[in-house]
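Structure first, commentary second.
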Amino acid sequence: MNPMRKNHLLASLLAAASPLAAQYGFHLDKVTAGTLGQDLDLQVRNAPANYPCLVIPSFTAGPTPLSLLDPTDPRALEVGIDLLSNLAVFLTSPTGTGTLSTLLPNSPSFQGAELRWQAATFPGMTTTIDQLSNPVTSQVGQAGIPSALTSPLLVARAGATACWNRVRNGGAGDLLLVSGATTEFFQFRTLDAAAGPTMVTPRALHAAATLNDGRVLFTGGVDSTGVTTACEIYDPASNTFTAVAGLTGLRAGHAAATLADGRVMVVGGTTNFTDLTTAITAVLNTTEIYNPTTNTWTAGPNIGGRRLVPSLTRLSTGRLLIAGGIEVSLLFGIPIALTSTNKAQLYNPTTNSWSNAPNMPNGRAYHQDNVVTLADGRVLLSGGVLVPDLLNAANAASIAGADLYDPIGNAWLGTTMSRARTGHAAVRLPDNRVLVSGGAEGLVSAAVTLAAVATFDPATNTWTDQAPMTVARAGHVAAVLPDGMLVLLGGSGTSSEAIHF
């Protein structure tokens, strides 16, 4: 037999007799966001120790059959070979780690470009390539300039609840979006969407709170039959929703926050959302507290007024701050007063009681999804809806006020954004500034969706307008990914975008 054919046959037999190395044998992750003019850092983890490793970049997703290199290897790379001349080779550390740093060109022509990466160790026992890592995708961009993501969400989502699953992708984590009857993940490594688990009770106008162990409690809201008492917990470890003890009474349009001891308080809301008049008449001043250890709800102390869509925030002091909301006054069950209140109260878990805090500079409601705790412990409440009074409820409009609460000094500081907003997204950036994006301005009955973006600097307590989003959106989700890139998801159809800082 020809020696070359004999060697090829021997290699084929060895490959058939020995299992190939795992498709995803080790981890490749993004460390930095890919800002143009800065280093893009990638990290290898759990690879073979002291072993040659190569990282392949590409502008395409492949697949590239490894049989092009080794006829005995049936696997495929999940990247193309268009940038093969730019691959990097290094030796992993004694613990199987390694870092690759690439200086990105400071050129606007690359704005929004996607770079795909995959790593491989070599040589293998029976093939030229040994183990393959997972693929990752980086979207590069100029600092502060939004750019559209190429992969859409699976369905249009407005007003979604977002929570992190830090277990997925070897601990890199993915963001779970919950709205309506479905959920989906926005995947950090690949910047695309994947179906999530099914809720026990599809709901809207609910409240959610992250427990101290990382699970997320969803409470009440409106389901297919009306306002519900049903509650459930999302467990990132099992990626499942599980029903837990229900609220003691119907509740929707309420707020929730987790206490330092792990219990969860819910406040306000309404028992009926059949129509606006009924909802207002049924607004609550009650609270309930959930104990995840015993899976039980107990009544808490009443707040100082009936509140619909207020905010509830745990402070650095361990107390809870309830602020704003639509406050309703009833006489014999009939609404006689209604306004977006500027009142605030503090809950002391030690005494299980509420006390008055100073009034906010601005009355506001429907701002509960835009409360941001700063690095120094102050709390920023931005925008929201001002309902002036019962007779002028039709003139309810977005506001531009943004108020800061200092829990140590027990005082408020008022600031003003350049645009009025409600239904916007607010998120703290890695440099401790707060970015607000989109939302709607004007009368609630004739709202105009915004593409405007602004940042708040806590060092100077000032606002600065930034480059606008690629599309106007409201009711979207904003989240900072583990590599520091900011993503804005949904709100207007299925489109999403990213901003580098």
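Values in this text are rule-based calculations from the coordinates and carry no lab data. Bear in mind the structure is a predicted one, so any value in this text is a computation, not a measurement. Using ideal geometry, Cβ is built from the backbone for each residue, glycine included, and neighbour counts are taken over all protein chains shown.
When the square roots of the Cα gyration tensor eigenvalues are ordered a ≥ b ≥ c, the ratio a/c for segment 84-208 is 1.5 or more and a/b does not exceed b/c, which makes its shape oblate.
Distance between the modelled labels on SER85 and THR274, one decimal in nanometres: 7.4 nm (7 Å Cα→Cβ projection). Any idea what the relative contact order of the chain is, in percent, if you count C-alpha pairs under 8 Å spaced at least 6 apart? Worked out over the chain, it gives 11 percent. Could you give the Stokes-Einstein D for segment 387-439 in µm² per second, using the C-alpha Kirkwood radius, 20 °C, 1.002 mPa s? Reported coefficient: 162 µm²/s.
Axis of helix 3-17 versus longest Cα principal axis of the chain: the two differ by about 30°, to the nearest ten degrees.
The calculated FRET efficiency for THR294 paired with THR60, based on their beta-carbon distance and R0 = 60 Å, is about 0.65. Each label was represented as a point 7 Å from its Cα along the Cα-to-Cβ direction; for THR351 and THR95 these points are 4.8 nm apart. If you take the Cα centroid of segment 291-319 and the Cα centroid of segment 196-228, the two points sit 16 Å apart.
Determine, for each peptide in 330-338, 218-226, 67-75, the mean count of other beta carbons within 10 angstrom over its residues, then list the peptides with the highest first.
Numbers: 330-338: 11.6, 218-226: 19.0, 67-75: 15.4.
Taking the mean over residues of other Cβ atoms within 10 Å, the ranking is 218-226, 67-75, 330-338.
When all alpha-carbon pairs of the chain are counted, what percent fall beyond 46 Å? Percent of Cα pairs beyond 46 Å in the chain: 21.
Does a label point 7 Å from the Cα of ASN50, set along Cα-to-beta-carbon, have any residues of segment 109-139 with amide nitrogen under 17 Å, and which are they? Only 122-123 fall inside the zone, counting backbone N under 17 Å.
Between SER109 and ILE408, how high is the FRET efficiency from 1/(1 + (r/R0)^6) when r is the Cβ-Cβ distance and R₀ = 45 Å? Nearest 0.05.
Numbers: r = 48 Å, r/R0 = 1.08.
Computed FRET efficiency for SER109 and ILE408 comes out at 0.40.
Placing a pseudo-label 7 Å from each Cα along the Cα-to-Cβ vector at THR464 and ALA400 gives an inter-label distance of 1.9 nm.
Segment LEU429..ASN285, full-extension length gain: 48.4 nm, with 0.36 nm per residue of separation and the alpha-carbon distance subtracted.
Hydrodynamic analysis of segment 160-300 uses the Kirkwood radius over alpha carbon pairs. Inserted into Stokes-Einstein at 20 °C and 1.002 mPa s, it gives a translational diffusion coefficient of 138 µm²/s. Rounded to the nearest 500, the helix-only mean residue ellipticity at 222 nm of the chain stands at -1500 deg cm²/dmol, with each DSSP H run of n ≥ 4 adding -39,500 (n - 2.57).
Backbone N atoms of segment 460-501 closer than 16 Å to the 7 Å Cα→Cβ label point of THR182 belong to residues 490-496.
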